[in-house]
Amino acid sequence: MSEGEFDIIDRYFKRLNGLESGVVIGIGDDCAILDIPAGHQLAVTTDTLVSGVHFFEDVDPYRLGYKALAVNLSDLAAMGATAKWASLAITLPDVNEPWLAEFCRGFFELADKYQVQLVGGDTTKGPLSITVSAKGIVPTGQALTRSHAQVDDVICVSGYLGDGALGLAAKLSDTKIVADQQPFIDALELTEPRLTLGQQLIDHASSCIDLSDGLSQDLMHILKKSDRHAQLHLEHLPLSEAILTEIDSGHLSLSEAWQYAVTGGDDYELLFTISKHKLASLRMRLSEQGLSLNCFEIGVILDPNNSPLTGERLGFTHLQQPVTLKKTGWDHFK
């Protein structure tokens, strides 16, 4: 006998895991009731993933479940929040039990890693799509935002750039564009949210955003909100060993690697601005806590009233010489 909506919820999504989670009422009522600790504010983010738009129809369900939660946790990381709860609305064309089991295995593996509890959602029948809303807490008045970048701040990123975009390009291409595409597909489908670093950036970073739509496009959000200019130094862009190997073997040029890193998207690293003094303090704190977290310096924030850039907010240099690169990242409607 086929399973109904509530059977699916009970079998795959309702869990008793004993987390000290602040959940007063979870799955099983019309709403979840959550306790917010004193001295904290609630951070909420929502992302929708649609089959054929955000993921391939034949994607591994474990990886889809993992990434559906990961992209939301990345938004919480960008605000410095501690992830706490999530809700999941999933539309399914049919009840495929092996598929659902693997989807849930990926989702809950990441949820358990960061002690995130699923507290509600919805299941419906239709074309495959997944909407996750993640909730976290941040000390009152201390959330990281996009609007306070300061002149002479260093621009940093938390990891390698361009791998996810190359993974997408490899899957879309009818020809082999890299010798070994698997590291790039892994980067595309198994992104790691930088929650620990985000929490450490409170009291250090002046602004922060997660890199979903491409370095240049996401940095522009900070520059517009903060009314600043910026210059990125291409020789400092962090490129993975996988990309460097493709460059060395001649499958990829350095300028192509830069373009993937600057506009490709799907990195889900943190991009943040920070004073040089506070960057030194942050690195000392990370070292003292035994945290191996990256803070790659890739550029500098400029005063728009005293900027070498003409008619634009963002420029690129290589070894102090101006370079022209495409700047447009991902946009659903373009």
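The values are calculated or read from the model by the stated rules, or taken from the named source; none is laboratory data. Since we're looking at a predicted model, the values are computed, not measured. In this analysis, Cβ positions are derived from the backbone assuming ideal geometry, glycine residues included, and neighbour counts consider all displayed protein chains.
Here is a check on your reading of the model: is ASP174 at pLDDT 95 or above, among the charged types (D, E, K, R) and not assigned by TED's automatic domain parsing to the domain that holds GLY80? No: the conditions fail for ASP174.
Going by the conditions given, is TYR66 in contact (Cβ under 8 Å) with a residue 40 or more places away in the chain, touching a helix residue (DSSP H, G or I) at 6+ places or on another chain (Cβ under 7 Å) and of a type in the set (Phe, Trp, Tyr)? In short, yes.
Counting only strands (runs of 3 or more DSSP E) wholly contained in the stretch 22-100, the ones carrying 2 or more residues that are within 28 Å of SER147 (Cα to Cα) and at pLDDT 95 or above occupy 40-50, 82-92.
Those residues that are of a type in the set (A, V, I, L, M) and touching a Lys or Arg at 6+ places or on another chain (Cβ under 6 Å), I need them from the stretch 223-237; list them, please. Passing the criteria: only LEU223. Examine the stretch 262-269 for a residue that is under 17 Å from the mean Cα position of the chain (by Cα), among the polar types (S, T, N, Q) and in a strand (DSSP E or B), and state whether such a residue exists. No, because not a single residue in the stretch 262-269 is under 17 Å from the mean Cα position of the chain (by Cα), among the polar types (S, T, N, Q) and in a strand (DSSP E or B). Screening LYS278 on (1) surrounded by 13 or more Cβ atoms within 10 Å (Cβ to Cβ); (2) under 21 Å from the mean Cα position of the chain (by Cα); (3) modelled with pLDDT of 95 or more shows it passes everything except condition (2).
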